[in-house]
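Participant: The structure follows.
Taken together, the values in this text are just the output of simple stated rules run on the coordinates, not laboratory data. All figures in this text were calculated on a predicted structure; none of them were measured in a lab. Methodologically, a virtual Cβ is constructed for each residue, glycine included, from the backbone with ideal geometry; neighbour enumeration extends over all protein chains shown.
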Amino acid sequence: MSTVAYKCPNCASSLTFNGEKMACGACGSQFDLAAVEAMYAAQTSGGIDFDTPDEGYAASDVAQMKAYRCKSCGAELITEGTTTATECPYCGSPTILPDRIEGGIRPELVVPFAISKEEAQKMFEDYFQGKKLLPNIFKKDNQIAEIRKLYVPYWLFDCDADATIVYSAEKRRTQRTDEWEIETIEHYIVNRSGTMSFENIPVDGSVKLDNKISESLEPYDLTKAVPFSPSVLSGSLADHADVDAAGCEKRAVERVEKSITNAIRSTVTGYTSVSERSKGFSSKGGKVTPVLLPVWLITTVKDGKTYTFAINGQTGKLTCDVPTDKGKAFLWGAGAFAGVMGIGALILHLIKKMGSGTMLLVGLLGLIAAFGVIATLIGQLKQASSQTSASGYSREGGLQLSLEQDLYLYTKINRKKIEKQEQAS
Ligand SMILES: [Zn+2]
Ligand SMILES: [Zn+2]
């Protein structure tokens, strides 16, 4: 490669190799060759990808299964041959018609229900106790409109992901003399490569189930899974995956990339500031396992609006789309703020340190307390939200670093004359 492609990190002019260092003709800076090369290091590429499953149902499966289609919401459902479905588990419509089993990928594993219908009902009733920010409409008469047992199709993604990330990093320090403020900025190039293995990252294959809800039900314990056979579905309905593995891959890739990026970033320490210059990903052994996971779906109707509760049928973890009562949140926040302000003022008064500066500090503490109280109370509501990372699915050991380079680049010094006016007056 020609050295002309290398640009001076200080002034962006072309660099040339002088036999020892990379030198800039324009500003006179010199850099270590290794550091400049690291800035332009070839990226890991190819991206994260997965082999998707293609095995359909066997003729012997189909002979023991029944399929239904909901006329109202379009849900496609499957069950075991002697089980009769009378209503749609998603929309409650009784107009579900027998359908043919065509296409579809055969699930490999099924996680059985460990939570009974009675336990799910109890969890729903208990939900309404002690939640400070629950809107008043949920204060009483929380009747279950529908409670439905459903196996939801998920795709589980496994892979060994590699990433290379190059960062620009700075160490800043400031010294003061009588006359000068001297800021020293040391620039570094930080280069990291690492591998992280992921197992069983779930992405739901159902359009009908909001991803926020399905992700909030995680995690499931796959060690308790049993091999799929039509008889496992006896007495319950399973949703037929309507988003294929390739369609769900993007979500898994996002979570893998975010997790490995965060893990690598946490190994870059000792700098005042760090920014990403470039990154690349690749993967090995990417595979997808089709599974059915157990969910209790409960709907309740308030003032004509339907609210959904979902309970992980294995662990009992509950999530829902109940909103926060903003008026109550404001009152709790204001109360916490006023409390901190009052106690703070009293303490400052007693220790005779009352002043605009100290009160400002107490005000800040009050704001932190207010947000802390609101965040804690919103947490009680267990509202469905997206998962951003997959670090919970990384195999033992987490990130394995294969390259760890911190290369010094150059130093920049800024001098600023200190104004003396204040002292003179
Ligand atoms: Zn230069
Ligand atoms: Zn339906």
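Participant: Looking at the calculated P(r) for segment 239-307, what percent of the C-alpha pair distances fall above 13 Å?
Facilitator: Percent of Cα pairs beyond 13 Å in segment 239-307: 80.
Participant: Next question. Which of the residue pairs 224/328; 258/382; 132/224; 208/258 have a Cα-Cα distance greater than 32 Å in the structure shown? Could you put the intermediate results ahead of the total?
Facilitator: Values: 224/328 42 Å; 258/382 24 Å; 132/224 36 Å; 208/258 26 Å.
Correct reply: 224/328; 132/224.
Participant: How far, in degrees from 0 to 90, does helix 326-350 lean away from the longest principal axis of the Cα atoms of the chain, to the nearest 10?
Facilitator: With both axes taken from Cα atoms, the answer is about 40 degrees.
Participant: Which far-off residues, 5 or more places away or on another chain, put their amide H under 5 Å from the one on residue 200, with H placed in the peptide plane?
Facilitator: Hits under the 5 Å cutoff: 157, 158.
Participant: Cβ neighbours within 10 Å, averaged per peptide: list 174-181, 376-383, 30-37 in order, most packed at the top.
Facilitator: 30-37, 376-383, 174-181
Participant: Angle between the Cα long axis of helix 117-127 and the longest principal axis of the chain, 0 to 90 degrees, nearest 10?
Facilitator: It works out to around 40 degrees.
Participant: What is the distance in Å between the Cα centres of segment 105-156 and segment 268-295?
Facilitator: Answer, in whole Å: 31.
Participant: Please arrange 282, 72, 259, 356 by counting, for each residue, the other beta carbons lying within 10 Å of its beta carbon, fewest first.
Facilitator: In increasing order of surrounding Cβ atoms, one gets 356, 72, 282, 259.
Participant: Continuing with the same structure: How large is ³J(HN,Hα) for each residue in segment 305-317, as worked out from phi by the Karplus curve 6.51 cos²θ - 1.76 cosθ + 1.60 (θ = phi - 60°), to whole Hz, x for Gly and Pro?
Facilitator: 9, 9, 10, 10, 10, 10, 10, 4, x, 9, 9, x, 5
Participant: Moving to a separate point now. Please provide three numbers in whole Å: the alpha-carbon extents of segment 325-380 along the principal axes, with the largest listed first.
Facilitator: Largest first, segment 325-380 extends 40, 15, 13 Å along its Cα principal axes.
Participant: Further, regarding this structure: Report, largest value first, the span of the C-alpha coordinates of the chain along each principal axis, in whole Å.
Facilitator: So the extents along the principal axes, rounded to whole Å, are 90, 70, 34.
Participant: Same structure again: Can you compute 3J(HN,Hα) from phi for each residue in segment 274-291, using the Karplus curve 6.51 cos²θ - 1.76 cosθ + 1.60 with θ = phi - 60°, rounded to whole Hz and x for Gly and Pro?
Facilitator: 9, 9, 6, 8, 7, 8, x, 10, 8, 8, 10, x, x, 9, 10, 10, x, 9
Participant: Taking a cut-off of 19 Å between Cα atoms, list the aspartates and glutamates near residue 305, but don't count ones fewer than 8 places away on the same chain.
Facilitator: Counting by Cα, and skipping residues close in sequence, residue 305 has these aspartates and glutamates nearby: 125, 141, 146, 210, 321, 325.
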